[in-house]
Amino acid sequence: MPEYLRTAIVAIHQLPSISETLWLRIIGRGNVQKQAIDELEALTPDNPFRKAALELLYNLQQNLQVTQNQDEEDRELLMRLAPLYQQDREQAIQEGEQRGLETGLETGLQTGIQQGERLVVENLLKVRFAEIDNELQAIIEPLLTLPPEEFTPLLLQLSREELIDRFS
């Protein structure tokens, strides 16, 4: 072929058994393919190459399932890869559950802190001014934009009018 076409012919069965050729060997045939799948299975579940190869193989599986005339080797390939897909899927579910749990805990903790700060502000206002009327209620949100080490001294030192003037 002319050089400008940048074309090459690859004899998959002659490729060396190294990680760089694994994907090509997986789509090969016979013993070459079996050995490549064994190598893929041996990779750790968090190996990025394993994840990428399984994604590509999943796409290949979808294409092969659409094809009506699968040969024996195609069916064998699909059966051999099924446990790898299942393992990868279970790991993805576990990672998703873990992320969801972490996000939920973080959100719950943040909400709890905000509610606690609100209670502190409301209680300080009640102690200082006996009740929280509409004017005092209106300054709670602006007060809560400050960190506790800033709003606490203000609540203890400023008069009712000073607080309303400052945060209204």
Stretched fully, the stretch from SER19 through THR145 gains (0.36 nm per residue minus C-alpha distance, one decimal, in nm) 39.9 nm
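Assigning unit charges at the beta carbon (Lys, Arg +1; Asp, Glu -1) and nothing else, what dipole magnitude in debye, to the nearest 20, does the chain show about its Cα centre? All intermediate terms of the calculation are to be shown ahead of the outcome.
Details: 15 positive and 29 negative charges, 121 e Å.
Rounded to the nearest 20 debye, it is 580 debye.
Per residue, how much accessible area does the stretch 12-168 have with a 1.4 Å probe, in Å²? Let's see the in-between values first.
Details: 10450 Å² over 157 residues.
Heavy-atom SASA per residue in the stretch 12-168 reads 67 Å².
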With a 1.4 angstrom probe the carbon and sulfur portion of accessible area for the stretch 13-74, in percent, totals 53
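Quantify how much of the Cα-Cα distance distribution of the chain extends past 30 Å, in percent. It would help to have the intermediate numbers written out before the result.
Values: 7556 of 14028 pairs.
It works out to 54 percent of all Cα pairs.
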Stretched fully, the stretch from ARG6 through ARG89 gains (0.36 nm per residue minus C-alpha distance, one decimal, in nm) 26.2 nm
Residue span GLN98 to PHE129: 0.36 nm per residue of separation minus Cα-Cα distance leaves a gain in nm of 6.5 nm
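The values are calculated or read from the model by the stated rules, or taken from the named source; none is laboratory data. None of these values were measured; they are calculated from a predicted model. Virtual Cβ from ideal backbone geometry, glycine too; neighbours counted across all protein chains shown. The area values use the complete protein model at the heavy-atom level, side chains included, leaving out ligands, DNA and RNA. Shrake-Rupley method; radii C 1.70, N 1.55, O 1.52, S 1.80 Å.
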